[in-house]
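As structure tokens, the structure follows; a few thoughts come after it.
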Number of protein chains: 4
Amino acid sequence: MPKLGMEPIRREALVRATIAELGRAGTLDVTVSQIARRAGVSSALAHHYFGGKDQIFLAAMRRILADFSADVRRELEGASPSDRAAAIVRASFSSSSFTPEAVGAWMCFYGMAQKNAEALHLWQIYHRRLRSNLIHALRPFCSRPEDAADTLGALIDGLYIRAALDPALTPGEALGQALAVLRGLCAEGRS
Amino acid sequence: MPKLGMEPIRREALVRATIAELGRAGTLDVTVSQIARRAGVSSALAHHYFGGKDQIFLAAMRRILADFSADVRRELEGASPSDRAAAIVRASFSSSSFTPEAVGAWMCFYGMAQKNAEALHLWQIYHRRLRSNLIHALRPFCSRPEDAADTLGALIDGLYIRAALDPALTPGEALGQALAVLRGLCAEGRS
Amino acid sequence: MPKLGMEPIRREALVRATIAELGRAGTLDVTVSQIARRAGVSSALAHHYFGGKDQIFLAAMRRILADFSADVRRELEGASPSDRAAAIVRASFSSSSFTPEAVGAWMCFYGMAQKNAEALHLWQIYHRRLRSNLIHALRPFCSRPEDAADTLGALIDGLYIRAALDPALTPGEALGQALAVLRGLCAEGRS
Amino acid sequence: MPKLGMEPIRREALVRATIAELGRAGTLDVTVSQIARRAGVSSALAHHYFGGKDQIFLAAMRRILADFSADVRRELEGASPSDRAAAIVRASFSSSSFTPEAVGAWMCFYGMAQKNAEALHLWQIYHRRLRSNLIHALRPFCSRPEDAADTLGALIDGLYIRAALDPALTPGEALGQALAVLRGLCAEGRS
DNA sequence: AATGAATGAGGATTCATTCAT
DNA sequence: GATGAATGAATCCTCATTCAT
């Protein structure tokens, strides 16, 4: 029963289905048909709305990054200056962006970024924004905030991978480890 | 003119070609034909020796892990007790295991590990051995060597990804960051 | 806001759009969506009015043939008996039926005529009428007017193809060549 | 039962099958599968040997043009100077290049030439060579050999189309018409 | 030992067509 | 009168894999 105004609904459903399928597979080996089936539509419709497989994936990537940005902003809003860096770390391991699904999908982006120029560009935007946020937050407490930001960013990414592959690592533990390193970085800065 | 004793030579060539292709592509989207062409043999021969694509990839993964293990062992041999953790970190960023090629191939293993049970198993073996090495090396200097080892391991993985996607990050810098965190972890342990 | 009496307007717009698209593509590889877009309506409407793609094409073919017939009639009206054959030739290369667009569309009909029985029928009607007109016009001046008409008809078609593929051949030149052959045919008839 | 040296055999079979299918369909709406089926191989093999649909079609086009060139050369070899133009015309309607099959395939080339740059190039080569042959043959007998060659060329093409669409027109009749026009052109040249 | 030959299965993509509104 | 929504069927193409030689 076709209705009007389905486009945003379908796009949303397809983006969600893409993230879900990427998270399930952990690989880019996901077919448009699988995505469409999960979204409850035909694969032709997915092409109709997005134009192609790459753009479906890019839309999913944008959505994940946007969700993450929102998490960061939300955490930063209520944070005192001395808590800003920790807030960013908390956002990185927030429940919404740390579901097994999202972690798996995120892993796929590393693959996408090596094949698709626009995907790489999206990743770089995320990367720079996170780095810049971290530097800003760390500056008052570290002697070399750039290096500290790089370290913290790499650690966050590394913990993501562990979480994706090692079910034993819980988000809470990952967060704890990241915060501990953060404390170490600030301590080093002070020493 | 078929020759005798070609098997190990062909296997070696194919494994090397696989790693090279994975590094070049940065993705698992590598065909058996591409690998065989680079190795200078027919794709049928690749199947003949390995049985299938997955097993070609697994052989490449084993090779990378074995190379890495050798690097670690070599670095550990001449290290004083207080230098053991740093030796492991140095091995992780040694030139041989940190070529763009190897980094790209390594990235692919994360993808493999999510699809192929045996690949996951291999990764877990590497992971546990590295963790155990690190714990052992860190125990004298850290109050919680397990956590410190997890942190350091995650950081190493995260720096790998950065290196794969961000040409601005050199192995030397990555090593420096990892060693700095190592110092922080030990300092924290002492405090 | 649906309006009354839109049907003829829409049909006209769609037929024109079809001819334009065929002329642009030079091939039958024209989609209903392209036609509808150019006509400013939805592709569903095109089906609504015509019933299917083939019938849209047939309607366009009928229109081209009707336009051509009108051209012929107009030229014949003011022609003296000794000028009738030349008048038909002139009509064949009149500006209206010799636009690049029309030439391209006409070429497509050759393709259609081989797939669609009704298209073939339409082509045969055009063909017979042209032949009959030519025979009638040539009879007073040729010993074998049927053969002359066949020759002249084939030449006209051949010049169409040249014009479609070879931008160097202008309508004026084509007309000149056709008229020269016409003179030759009549001369031959007299000898 | 795969054997060695099949490539030229398969290529030949596929090219022949392509011409046959184009001739049967009279349209470019011929699928690779249809061609492959007629050639007795899988569609994958067709891609393997030719790389893609376009190149299969181009190979067929080259073959038709080469066959035609051979016909022309053969006819010209034994022709006296005063018979050269007629020899070319005879070649154009020789049995080999005038089978219903070849005629249908030839028609398709007009379609191809409008979509594929290389096809257009091939057609232009054929076109120029034929024109140059005709001019050379007509020069001693016509006052304006270029125009005569253009006319004759267009007539030949036009007769092709008639033959493709009108089963009533036999090759013999077509040849007769073309030769008659040729005589007319030469007569005109002499007058 | 090694390969050319060959294919089946599957995937992205396109498009005519239908239907409820 | 008109359209957005939706799809099934079909097509090109790729690729891992097998087999006879």
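Values in this text are rule-based calculations from the coordinates and carry no lab data. Everything numeric in this text was worked out from a predicted model, so none of it was measured. We place every Cβ from the backbone using ideal geometry, glycine too, and count neighbours over all the protein chains shown.
Values as computed for the structure displayed
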read-out: Prolate/oblate/rounded label for the stretch A:80-191 (Cα gyration tensor, a/c 1.5); value: oblate
read-out: Inter-part distance where the stretch B:107-144 and the stretch A:120-191 are each reduced to a Cα centre, Å; value: 20 Å
read-out: Pair-distance profile P(r), taking every C-alpha pair of the stretch C:3-45, with 10 angstrom steps and integer %; value: 31, 53, 14, 2
read-out: The stretch A:49-175 - charge dipole about Cα centre, Lys and Arg +1 at Cβ, Asp and Glu -1, debye rounded to 20; value: 300 debye
read-out: Over 21 Å between alpha carbons, listed pairs B:53/B:115; A:53/A:115; A:53/D:53; C:53/C:115; value: A:53/D:53
read-out: Most fluctuating residue given options C:59, C:25, C:105, as computed from a GNM of chain C linking Cα atoms under 10 Å; value: C:25
read-out: Average partner coverage of A:44-54, which counts Cβ from other chains inside 10 Å; value: 0
read-out: Summed residue charge, Cβ within 12 Å of residue D:158's Cβ, Lys/Arg positive, Asp/Glu negative; value: -2
read-out: About the Cα centre, charge dipole magnitude for the protein assembly as shown (Lys/Arg +1, Asp/Glu -1 at Cβ), debye; value: 360 debye
read-out: Enclosed volume per residue, in Å³, of the convex hull spanned by Cα atoms of chain D; value: 119 Å³
read-out: Least to most buried among C:132, A:143 (fewest other Cβ within 10 Å first); value: C:132, A:143
read-out: Assigned charges on the beta-carbon of Lys, Arg, Asp, Glu; the stretch D:9-86 dipole about Cα centre (debye); value: 300 debye
read-out: Net charge, residue B:114 excluded, C-beta distance under 11 Å - Lys, Arg +1, Asp, Glu -1; value: +1
read-out: For the protein assembly as shown, the Rg and Dmax computed from alpha carbons only, in angstrom; value: 37.6, 122
read-out: When the convex hull of its Cα atoms is projected in every direction, mean area for the stretch D:1-100 (nm²); value: 7.6 nm²
read-out: Gap separating the Cα centres of the stretch C:1-61 and the stretch A:1-37, nearest whole Å; value: 33 Å
read-out: Neighbourhood charge, 15 Å Cβ-Cβ cut-off, centred on residue A:81 and excluding it, Lys, Arg +1 and Asp, Glu -1; value: -1
read-out: The stretch C:14-148 - percent relative contact order, Cα under 8 Å, separation 6 or more; value: 27 percent
